[in-house]
Structures are given as structure tokens and as C-alpha cells.
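What follows is one structure encoded as C-alpha cells, with my remarks underneath.
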Amino acid sequence: MELIVLLGAGLLGGVVNALAGGATLLTFPALMAAGLPPVVANASNAVALSPSHLAAAVADRDSRPAADRRLRGEVAVAVAGGAAGSLLLLVLPARQFQAAVPVLVAAGTVLFAAAPRLRLRGEAGRLSLWVACVYGGFFGAGLGVILSALLTMGAGTDARRVNARKNVLASAAGLTAVVVFAGTGIVAWPETTAMLAGALAGGWLGGRAAGVMRAGAVRAAVIACGSVLTVVYALRFW
């Protein structure tokens, strides 16, 4: 029953990531509820969710970005950021990470809510992309919507193409973190595999539905969930 619940959480998280981002605010608590320690739950969550972005990018083939010089540069930045963030998680003492969980969930929720208002260009945008991917490798809540905001260069930018590009870059950052976490043996594989299966299906479904579903409603639900969980974790860990 526990694995079925994690499968369902992964499915929902994959859809949410494909449409708006912020699935970590839903799936990380599910892994914690399954009894995993915070650091193990965080690493397992990264492994389970990262392929959902890739599945979404593949599914939305009409909006998939061209593999040009700009994309290659952005992918390189995303890989570097994801690696730095995941290594930072591994060197931080587990007790300190546990105490930081309420702050991370709150920060992810606030960034998730504020990111659509951000507009950065040029080198500032590239630096911000690296910082966002460091955060994504470390925790990841709201990374998708933050990347979407950083990639939006003006009001005329096609939202669906921005979403597809976001999925490619989130995949680059996330899969880099997966390599680091899997290589250190910190991943709880039974729980992760169940959530991964759901996330892949959810990412594909979300990518196919990106042109018809309203991301605004999804975002509002994720923000509400993140706000509640901030209070719950503050009471639990503080």
C-alpha cells in the first residue's frame, strides 16, 4: 500500500512538474511520510522526479528547443549547478538539513509564487540560471517555475516553448544530481522506484497536456500545499 501511495504521488508530481514545476513540495513529504530520513528522502526525491522533466520534454515534441549554441550553453550551466547543489547536500550534516527543511519548503513556496514576475537577461540571466540549478540540485522545490521565469525574455515569448526549454534544463540539472546521489548510495531504491514509475508516466501525460491544461490552477494548489507543509514541518522539526 505504501508503494502504491508513492506511485500515485509520483504520477501527480510528474504532471505538476511538466505543467508548472514545484512537484517536490508534494513528493518530498510523501517520502518523509514513508519513513525516510530527510536527507535520504531529498536525494530519493531527486532521483524519482528528474526523469519526469525529460519525459515531458520528449512528449511535447512540437515545442522542443533546437540543440543550438544557446541551448548547449544553458545545459552546461545547468549541469554545473546541479552538481554543485547535490554535493552541497552531501557535505551538510543531516541534523542541520533536517532543521532547514521548514525553511527550504517555505523558500521553495515563496520562490514558486514570485518567480513569474522575474525578468533577467544576458549574463545576469546565466548567473541566475546557475544559482537556480544549485538550488535545484540541493532541494529543488519550485525549480521548474523559477527556470521558466528566467527563460522568459519578454511578454511575447511563447509560454509553451519556454515550458519545453525549462523541462530540458531541469532534466540536465536533475539528472546530474541523480548521478551524484546514486553513486554515493544515499538513495532508498524501493520507494524511489515506485515514485519514479509514477513520475515518468505523469511527466509524459503532463507534456502531452501542456497545450490544453491551465497551469495557473496547478500553481495555486502547489502554493497552498507548500504553505501548509511549512507550518507542519516547523512544528515537527523545531
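The values are calculated or read from the model by the stated rules, or taken from the named source; none is laboratory data. As the structure is a prediction and not an experimental result, all values here were calculated from the model. Areas reflect the complete protein model, heavy atoms only, side chains present, ligands, DNA and RNA absent. Shrake-Rupley method; radii C 1.70, N 1.55, O 1.52, S 1.80 Å.
Of note:
- For the range 1-111, the relative contact order is 27 percent, taking Cα pairs closer than 8 Å that sit 6 or more residues apart in sequence and dividing their mean separation by the residue count.
- What separates the Cα centres of the range 81-97 and the range 163-188 is a distance of 14 Å.
- Whole-Hz Karplus values for the range 2-17 come out as 4, 5, 5, 4, 5, 4, x, 5, x, 4, 5, x, x, 5, 4, 4 Hz, taken residue by residue from phi with 6.51 cos²θ - 1.76 cosθ + 1.60 and θ = phi - 60°; glycine and proline positions read x.
- Estimated vicinal HN-Hα couplings, Hz - the range 192-202 in sequence order (Karplus 6.51, -1.76, 1.60; Gly, Pro = x): 5, 4, 4, 5, 4, 4, x, 5, 4, 5, x
- Rolling a 1.4 Å probe across all protein chains gives TRP204 an accessible area of roughly 110 Å².
- In sequence order, calculated HN-Hα J values of the range 37-46 (Karplus, 6.51, -1.76, 1.60; Hz; x Gly/Pro): x, x, 5, 5, 4, 5, 5, 5, 4, 4
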